[in-house]
Amino acid sequence: MIYLFVSCVSLLAGPIFYRFLNSDHGLRKGLDGFIFITISGLVILHILPDLVKVGGAIAVITVLVGLILPTMAEKFFKGDFGTTQKIAIVLSLFGLMLHNITDGCSIILAQQADASIMLAVGVIIHRLPEGLAIWWMVQPRSGSLWASAALLLMLGMTCLGYFAGGELLIHLNLESTVYLQAFVAGSIMHVILHQHVEGECCKKDMPERIGALIGFAILYMLVNGIGHVHHH
């Protein structure tokens, strides 16, 4: 149970960091760079290769559809960015719900006697940028109440995966959800890219560069050091 508790605390720590760093313009840019690098990097380097391995070229096409479709919808609705962005965020949150269920399942595996502690460490560490990303996506558009509700939903999904993990893994394996996950991965990338451009982070100020470097360091640990044992 201790791993479950710490992973939940890690997820909830994201908004605390966001609020603290958001009070300063320079720190805000560093935070944006950190989130952009870690989340987009995890999707491209950690999630996408598994999707392509199982789903092949169709999975790649599905990711591109998830990435491009919201942009096409914005043009179709004549620049109604608010509606299409909210739809993309809802899709992203749905995908993160599935991911949090598998996080709960992974915590069960980490508690087994022959399991490496690095599996639990991997789950706990990546929950911090995940919590940051959820707050970063939802709070500016929908307010703190909805962002808090989204985090509570993720916590509920983690607990669901923890307490009902064995049965859920049968139905939520990568083979049976590969194209759904591919579409959601594209949607997440659309939201991250849109939020990044919208925040005018492309100026590459020094705080953003520092945040990006920190993001690269954590991403390296997750993908090359810790993330290789954190397969769902």
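The values are calculated or read from the model by the stated rules, or taken from the named source; none is laboratory data. Note that the coordinates shown come from a computational prediction; the quantities given were computed from them, not determined experimentally. No Cβ is skipped: glycine too gets one built from the backbone with ideal geometry, and neighbour counts run over all protein chains shown.
Anything in the stretch 104-142 that is in a helix (DSSP H, G or I) and of a type in the set (D, E, K, R)? List them, or say none. The answer is Arg127, Glu130, Arg141. Screening Ser116 on (1) under 18 Å from Val6 (Cβ atoms); (2) crowded, with 18+ Cβ neighbours inside 10 Å shows it passes everything except condition (2). Can you confirm whether the stretch 202-215 contains a residue that is modelled with pLDDT of 80 or more, surrounded by 18 or more Cβ atoms within 10 Å (Cβ to Cβ), within 27 Å of Met118 (Cα to Cα) and out of contact with any Cys (no Cβ under 9 Å at 6 or more places or on another chain)? Looking for residues that are modelled with pLDDT of 80 or more, surrounded by 18 or more Cβ atoms within 10 Å (Cβ to Cβ), within 27 Å of Met118 (Cα to Cα) and out of contact with any Cys (no Cβ under 9 Å at 6 or more places or on another chain), one finds none in the stretch 202-215, hence no.
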